[in-house]
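K.L.:
Here it is, the structure, as structure tokens.
The values are calculated or read from the model by the stated rules, or taken from the named source; none is laboratory data. Predicted model only: the values in this text are computed from it and were never measured. For neighbour counting, all protein chains shown are included, and Cβ atoms are generated from backbone atoms with ideal geometry for every residue, glycine included. With ligands, DNA and RNA removed, areas are computed over all heavy atoms of the protein, side chains included. Shrake-Rupley method; radii C 1.70, N 1.55, O 1.52, S 1.80 Å.
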Amino acid sequence: RRRAELALPWNDPLWGRRGFAELVAGPPWARPAPGPADRHSMLPRHVQRLGRDWITHWNGSQILALNGPVSSCTRWAGHYPWASFPLPFPVDFSANWRNPLFFGPWRPFQYSNWQLDNFMQSSCFHLPSPSMKSEGEEPLTKRRRLGGQCDTPTPEDKTNLSNQKCLPVAQNEEKRSSKKGTIKRHWEYFCQHSRTMKIFENKEPDQSNTENNAKFDFTVMSYNILSQNLLEDNSHLYKHCRQCLLIWTYRFPNILQEIKQLDADVLCLQEVQEDHYRTEIKSCLESLGYHCEYKMRTGRKPDGCAICFKTSKFSLISSNPVEFFRRDIPLLDRDNVGLVLLLQPKFHCKTNTAICIANTHLLYNPRRGDIKLTQLAMLLAEIASVAAQKNGTFCPIIICGDFNSVPGSPLYKFIKEGKLNYEGLAIGKVSGQEQFPRGQRILSIPIWPKKLGISQNCVYELKQQQKEENAGEKLEPAKQDITQEVVIASEKLSSKLQHRFKLSSVYSHYFPETGIPEVTTCHSRCAVTVDYIFYSAAKDDATAQPGNEDSFHGGLKLLGRLGLLTEKDLWTVNGLPNENNSSDHLPLLARFRLIEQ
């Protein structure tokens with residue numbers, strides 16, 4: 001019985017006060033009784049903390065099922081000491097690990113990362129990967145209480161690990177089609193003359209028999225693909241996932257497969273890691289017929305935003321990156337970015353109507369609503385500059401991205417309603433990410449300094465003055481100076497933000513039948529909506545907000561969208577990421593029709 005127990009044959013202070021010499025000094029009954037400090041001296045402190053995440057089943061002498069004869073000592077990945085398992089006979093060992101620079105019984109084995117692929121039915125051995133260090137004291141498996149049900153392990157936890165192998169989709173597409181737990185999402189199409197929707201089971205309906213084939217229809221996707229660097233830096237959010245599902249060589253084929261299947265005409269991607277974009281993502285998307293524009297985050301952040309469009313549908317007029325970091329403004333010390341493109345549709349029409357596509361990823365920090373609003377104002381100012389027409393209106397606009405704000409929050413309402421009075425608003429309540437926000441400081445008036453060059457109307461002040469001059473609104477020099485002083489004074493005292501884009505959201509954020517919230521991201525900590533597609537709706541659009549036809553030259557009509565899911569739906573497939581969906585966000589997809597004025 002003692003032969004099958006864990007032996008720790010070396011002297012290390014982390015393993016208790018009694019060293020190796022005392023452990024082998026005599027039989028167990030001859031050794032002194034352990035004191036309170038030695039109660040767990042057989043295990044190191046960091047192993048004791050992670051002990052509840054280990055699952056070890058012993059069945060006689062059959063401890064591990066291995067594929068090659070090895071000695072009776074097996075090293076535990078990520079832990080510097082040897083862990084000896086005395087076995088009565090040689091066993092087979094199948095592992096996937098990296099060889100350290102030097103093998104020796106006394107060298108730390110810190111950088112090995114292996115996972116067992118095959119196990120005996122009578123044994124199960126599960127260790128968290130050392131390269132994905134957890135944060136806090138949460139259990140490995142995320143258990144949820146949904147729909148009044150008791151906490152139960154997700155189906156992913158119940159599955160026998162011996163039958164779970166991580167295979168890239170590109171290498172085994174047939175296996176993917178037979179996998180269980182695939183998320184089913186349906187196309188929801190709006191009827192032409194009502195607000196009702198018709199749901200299509202698998203794919204969008206045939207649009208070839210429309211009234212006029214000259215109408216320009218196109219699809220837009222917004223997708224946060226989860227940067228590998230950010231995944232590893234925030235591993236505590238993915239403790240519900242098996243480690244083999246989180247490596248990039250497994251994730252990227254899945255992400256690429258999703259993009260191929262959804263086949264959007266315009267892709268707005270967030271968290272695109274620069275080295276992956278340069279070596280893999282860009283070339284793969286170009287082979288699918290896309291032209292790619294990319295803006296990397298400033299500073300040392302290795303990811304950014306990308307907008308990719310099919311060259312068969314659009315041509316590029318201009319590409320305009322937006323950096324939210326300003327060295328001379330202490331408020332803007334974060335490295336988030338945006339990207340604004342002006343695209344020309346390739347179809348015959350009476351006027352050369354362009355479409356403005358914007359993509360961004362705003363700051364996450366729930367307690368810095370002041371930075372979020374300023375970043376949003378900078379993006380809106382760039383859009384106003386790019387989308388402006390000669391007649392004073394704007395071309396159709398689509399804004400995609402991860403806004404790190406929930407539906408109904410002040411930031412969300414500002415985007416949709418075009419106005420926000422932030423007087424007395426707590427800085428932690430801007431995004432609505434926390435139910436009980438910790439940031440209780442009130443937003444200052446004004447939020448950003450005047451040297452930023454953006455007015456409270458979210459336009460560049462210099463261009464606003466030029467526009468007034470071009471419109472013939474010139475005053476005498478003396479009167480003009482007085483007027484400018486009054487405007488500056490009123491702006492400093494004003495707590496109202498405005499913008500001229502009366503935008504609509506593609507998604508309603510709640511299921512109309514049940515009122516249950518839709519979810520765009522789901523991981524071990526939360527499941528909420530933070531991703532959006534906003535657009536300038538045409539006059540006859542079913543989801544249009546009143547009055548938007550006054551600001552735009554034409555507009556966009558929402559024809560349909562790819563339906564979202566509930567939190568309960570996502571946890572039936574063990575949340576995100578999972579075997580088939582390799583990001584912690586769902587892709588958003590909408591189909592539009594360009595309406596000319």
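K.L.:
Which numbered condition trips up residue 281, out of (1) of a type in the set (A, V, I, L, M, F, W, C); (2) in a helix (DSSP H, G or I); (3) under 22 Å from residue 347 (Cα atoms)?
P.N.:
Going through the list (1) of a type in the set (A, V, I, L, M, F, W, C); (2) in a helix (DSSP H, G or I); (3) under 22 Å from residue 347 (Cα atoms), residue 281 breaks only (3).
K.L.:
Further, regarding this structure: Determine whether the stretch 423-446 contains at least one residue that is over 17 Å from residue 329 (Cβ atoms) and in contact with a His (Cβ under 7 Å, 6 or more places away or on another chain).
P.N.:
Looking for residues that are over 17 Å from residue 329 (Cβ atoms) and in contact with a His (Cβ under 7 Å, 6 or more places away or on another chain), one finds none in the stretch 423-446, hence no.
K.L.:
Next up: Please determine, by comparing only the residues of the stretch 489-514 that are among the charged types (D, E, K, R) and more than 25 Å from residue 591 (Cα to Cα), which one is modelled with the highest pLDDT.
P.N.:
Across the stretch 489-514, the extreme among qualifying residues is 496.
K.L.:
Has the stretch 252-259 got at least one residue that is open to solvent by less than 30 Å² (accessible area, probe 1.4 Å), in contact (Cβ under 8 Å) with a residue 40 or more places away in the chain, among the charged types (D, E, K, R) and not in a helix (DSSP H, G or I)?
P.N.:
no
K.L.:
Could you tell me whether any residue of the stretch 261-269 is open to solvent by less than 30 Å² (accessible area, probe 1.4 Å), β-branched (Val, Ile, Thr) and closer than 21 Å to residue 344 by Cα?
P.N.:
Taking the stretch 261-269 as the starting set, the residues that turn out to be open to solvent by less than 30 Å² (accessible area, probe 1.4 Å) are 264-269.
Among the residues that remain, those that are also β-branched (Val, Ile, Thr) are: 266.
Among the residues that remain, those that are also closer than 21 Å to residue 344 by Cα are: 266.
Looking for residues that are open to solvent by less than 30 Å² (accessible area, probe 1.4 Å), β-branched (Val, Ile, Thr) and closer than 21 Å to residue 344 by Cα, one finds at least one in the stretch 261-269, hence yes.
K.L.:
Output the qualifying pairs, or none if there are none: Cβ atoms under 7 angstrom, residues six or more apart or on different chains, first residue in the stretch 354-378 and touching a residue at least 40 places away in the same chain (Cβ under 8 Å), second residue among the basic types (Lys, Arg) and in a helix (DSSP H, G or I).
P.N.:
Qualifying pairs under 7 Å: 362/372; 363/372; 369/429.
K.L.:
Here's a follow-up. What residue, among those in the stretch 314-351 that are touching a Phe, Trp or Tyr at 6+ places or on another chain (Cβ under 7 Å) and at pLDDT below 95, is most open to solvent (accessible area, probe 1.4 Å)?
P.N.:
Taking the candidates together, the pick is 346.
K.L.:
Out of curiosity, is residue 517 at pLDDT 95 or above, surrounded by fewer than 20 Cβ atoms within 10 Å (Cβ to Cβ) and not acidic (Asp, Glu)?
P.N.:
For residue 517, the condition - at pLDDT 95 or above, surrounded by fewer than 20 Cβ atoms within 10 Å (Cβ to Cβ) and not acidic (Asp, Glu) - is met.
K.L.:
Follow-up. So residue 284 passes all but one of these: (1) open to solvent by 20 Å² or more (accessible area, probe 1.4 Å); (2) closer than 29 Å to residue 186 by Cβ; (3) under 20 Å from the mean Cα position of the chain (by Cα). Which condition number does it fail?
P.N.:
(3) is the only condition that residue 284 fails.
K.L.:
Show me the strands (runs of 3 or more DSSP E) entirely contained within the stretch 321-439 in which 1 or more residues are closer than 28 Å to residue 555 by Cβ and of a type in the set (Val, Ile, Thr).
P.N.:
Here the list reads 337-345, 355-361, 397-402.
K.L.:
Quick one: in the stretch 270-280, which of the residues that are of a type outside the set (S, T, N, Q) and within 15 Å of the chain's Cα centre (by Cα) is most open to solvent (accessible area, probe 1.4 Å)?
P.N.:
Going through the qualifying residues, I end up with 271.
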